[in-house]
Structure formats: C-alpha cells, structure tokens
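Presented below is the structure to which this report refers.
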Amino acid sequence: MNICEWEEIDLLLIAGDLFHRQPLMRELKEVNFLFSKLSKTRVVFIVGNHDYLKPDSYYHTFQWNENVYPLLNGHMGGIEFPDLQTNVYGLSYHQREITEGLYDRMFAPKKQKYEILLAHGGDEKHIPVKKEVLETLGYDYIALGHIHKPQVLIENKAVYAGSLEPTDKNDIGKHGYVRGDITEQGVGTEFIPCAKREYIHAVVPIEEGMTGGALKDWIRNYIGEHGLENMYKFILQGFRDADVQFDLESAKSFGNVFEVVDETNPSYDFEKILEKNQGNLLGRYIESLKDYDKGSVEYQALHLGVQALMETKRG
Ligand SMILES: [Mn+2]
C-alpha cells in the first residue's frame with residue numbers, strides 16, 4: 001500500500017485470495033480503509049477459491065471506497081479506465097472449485113489500447129490454464145493469483161505474483177509483488193521481494209569429528225549470515241562421530257529455528273570393530289559390506305546395520 005502511494009502507481013491488481021477464508025465484515029472495513037488512503041492508485045480485485053463468493057458473503061453488499069473496483073461476476077466482467085487507456089477484465093469464484101478451463105475462451109475484447117486479465121487458479125481443480133492458450137487470448141498482460149510461490153508463466157505476459165509473505169513453513173524462497181509497466185514500447189515486469197521474513201531450509205554437512213559445540217557454532221553463524229528475522233529448518237546430513245550425540249533442542253535457541261532434523265549416521269572404525277568380532281554376526285556383516293564406496297546404499301546399510309547390532313550387543 002505504501003509503495004503504491006510513494007511510487008504513484010496507477011493500478012493495484014489483486015488476483016484473488018486476498019483473504020484466506022470468508023472475510024469478516026470488520027476485515028473488509030479495515031482493508032477498505034487501507035485502500036481509501038491511496039490518493040493516486042485505483043484497486044481492482046477478483047475473489048479466489050479461498051474467499052469465494054458464498055451466497056451470504058459480505059462481498060455481495062459491501063460498499064467499497066470509490067477507488068476500489070471489484071470484479072465479482074462468476075463470468076467475465078470488465079472495468080474501463082479511459083484516462084489510462086486501459087481495461088481490466090476478470091471473474092470471481094462463486095464456489096470453492098472450478099474444474100472448467102474458463103480462461104480458455106476469454107479473449108481480450110480489444111476495446112481499449114491496453115487490456116489486462118486478472119486470473120486465479122491454474123491447477124486441476126481451480127480453472128486449469130494452458131500456457132499456450134493464455135498466449136493466444138490477446139491480453140497485454142495477465143496477472144495471475146493462487147500459487148503462493150512467485151513464478152513467471154510467460155515472460156512479461158503472464159506472471160504469478162505469489163503471496164506477499166510466506167504462509168507455510170514449506171513456502172520457502174523470496175516473496176513479494178510484481179511491478180509492471182505498460183507503455184507503447186510494451187510490457188515490462190519485475191519481481192520485487194518485500195516479505196518481512198523468509199522460510200529457509202538448510203542442509204548442515206556433518207563431518208566426522210564434528211562435535212555438538214561445533215554444530216551450534218555452525219548454526220549460529222548460518223543464522224547470522226542469513227538473517228535473524230528469517231525462520232529456519234536445519235537438516236543434519238552425513239556421518240557423525242560415533243561418540244557424539246547432538247542436542248537438537250538447544251540448537252533452537254539461536255534464532256527462529258522451527259525444526260531440526262537429524263539424518264546423520266554414526267561413523268564407525270569398521271576395521272577395529274571387525275578385529276574384535278571375527279566370525280560372529282557383527283563381524284560377518286561388516287565383512288560383507290565394507291568394500292562398497294562411500295555414498296553407496298550398501299555403505300549406508302553398513303552404518304545402519306552396525307549401529308543396530310552394536311546397540312543390541314550393548315543391551
Ligand atoms: Mn487460490
């Protein structure tokens with residue numbers, strides 16, 4: 001909202017799912033208040049599958065500020081902005097799922113110099129779209145919503161902005177918005193990251209000899225380099241010293257660490273163990289697998305098997 005105001009943006013396009021569920025009256029009022037503060041920007045939005053138009057939805061009767069233009073029809077509607085030489089078209093979801101490819105025949109009416117389509121969905125249950133078909137519809141630009149991860153479907157033509165902030169712990173990578181310009185020279189779009197936080201999944205390469213203290217240092221440094229504001233999942237991989245046990249809980253104290261997964265295997269001195277276990281089950285097990293390459297499934301089986309047999313022995 002602030003960026004629209006500062007940069008004197010003409011149109012703020014919201015491609016559906018502004019809300020994650022049916023909006024409450026007070027939520028519409030708050031959003032409308034924010035929109036009403038925009039002195040240069042007009043807002044056009046459609047409604048997606050999450051905030052779809054139920055018969056009793058507040059969307060039906062809500063009185064928006066004069067700079068807000070909802071496209072609430074279940075079939076194609078349009079808003080004309082003659083001063084911008086631009087029309088914006090789109091439709092809204094009236095049910096949770098639409099399996100029909102409604103955009104496939106939604107050709108640009110060609111009533112204005114510049115024509116933009118606001119579209120939501122793209123997967124099997126939410127108006128499936130085909131890239132090749134979108135290309136033939138004749139719009140100057142198609143602003144896409146539904147998928148949280150930002151992605152370009154057609155360069156400078158059809159782009160998913162993604163969610164402004166990540167909404168799920170697996171929603172990794174940058175989040176932000178798409179800034180676009182339409183001029184005589186054509187359309188230019190740019191993804192601008194602006195999320196306050198990012199989810200980061202990081203693999204920690206564990207080497208033999210690495211202690212619990214060294215692991216803590218590694219995690220502390222990693223968070224320092226990648227930002228205290230972000231949220232982390234660490235995945236420990238590799239072979240750890242057989243004597244070392246990692247204290248995963250304490251690693252969570254260095255920042256926003258929401259999960260630590262230990263996928264390491266203990267590293268053993270197989271020759272030494274073999275020497276002491278000639279002929280018994282453990283010895284024969286090592287004998288059968290010890291010559292495989294590090295990194296092979298057999299080598300991993302060697303570690304896991306020895307670990308299991310050692311634990312049984314100790315027990
Ligand atoms: Mn959606």
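The values are calculated or read from the model by the stated rules, or taken from the named source; none is laboratory data. Note that the coordinates shown come from a computational prediction; the quantities given were computed from them, not determined experimentally. Neighbour counts run over all protein chains shown; Cβ positions are idealised from the backbone, glycine included.
Evaluated against (1) within 16 Å of the ligand (Cβ to nearest atom); (2) in a strand (DSSP E or B), Q22 falls short on exactly one condition, (2). Is it the case that some residue within region 129-140 is modelled with pLDDT of 95 or more and within 16 Å of the ligand (Cβ to nearest atom)? Yes, region 129-140 has at least one match.
Among the residues of region 110-124, at least one is within 16 Å of the ligand (Cβ to nearest atom) and surrounded by fewer than 18 Cβ atoms within 10 Å (Cβ to Cβ). Considering only region 184-193, I want to know if a residue exists there that is closer than 23 Å to L11 by Cα, buried (at least 21 other Cβ atoms within 10 Å of the Cβ) and of a type in the set (A, V, I, L, M). Looking for residues that are closer than 23 Å to L11 by Cα, buried (at least 21 other Cβ atoms within 10 Å of the Cβ) and of a type in the set (A, V, I, L, M), one finds none in region 184-193, hence no.
The set of residues in region 277-300 being in contact with a helix residue (DSSP H, G or I) (Cβ under 8 Å, 6 or more places away or on another chain) and under 26 Å from Q245 (Cβ atoms) consists of N277, L281, L282, G283, Y285, I286, L289, K290, E298, Y299. Filtered by the rule that a residue be modelled with pLDDT under 90 and loosely packed, with under 14 Cβ neighbours inside 10 Å, region 282-307 gives D293, K294, G295, S296, L304. Scanning region 117-139 for residues that are outside any loop (DSSP other than H, G, I, E, B) and out of contact with any Gly (no Cβ under 7 Å at 6 or more places or on another chain) yields a total of 8.
A Cβ distance below 9 Å, combined with a sequence gap of six or more or placement on separate chains, defines the contacts here; from region 116-132, residues that are of a type in the set (K, R) reach residues that are within 13 Å of the ligand (Cβ to nearest atom) in the pairs K125/N49; K125/R96; K125/E97; K125/I98. Please specify each residue of region 228-260 satisfying the condition of being of a type in the set (D, E) and in contact (Cβ under 8 Å) with a residue 12 or more places away in the chain. Listed by number, the residues that qualify are E229, D241, D247, E259.
For region 155-186, a tally of residues being under 20 Å from F45 (Cα atoms), part of a strand (DSSP E or B) and in contact (Cβ under 8 Å) with a residue 12 or more places away in the chain returns 9. F107 meets the conditions (1) within 15 Å of the ligand (Cβ to nearest atom); (2) surrounded by 14 or more Cβ atoms within 10 Å (Cβ to Cβ); (3) not acidic (D, E); (4) not in a helix (DSSP H, G or I) in every case but one. The failed one is (1).
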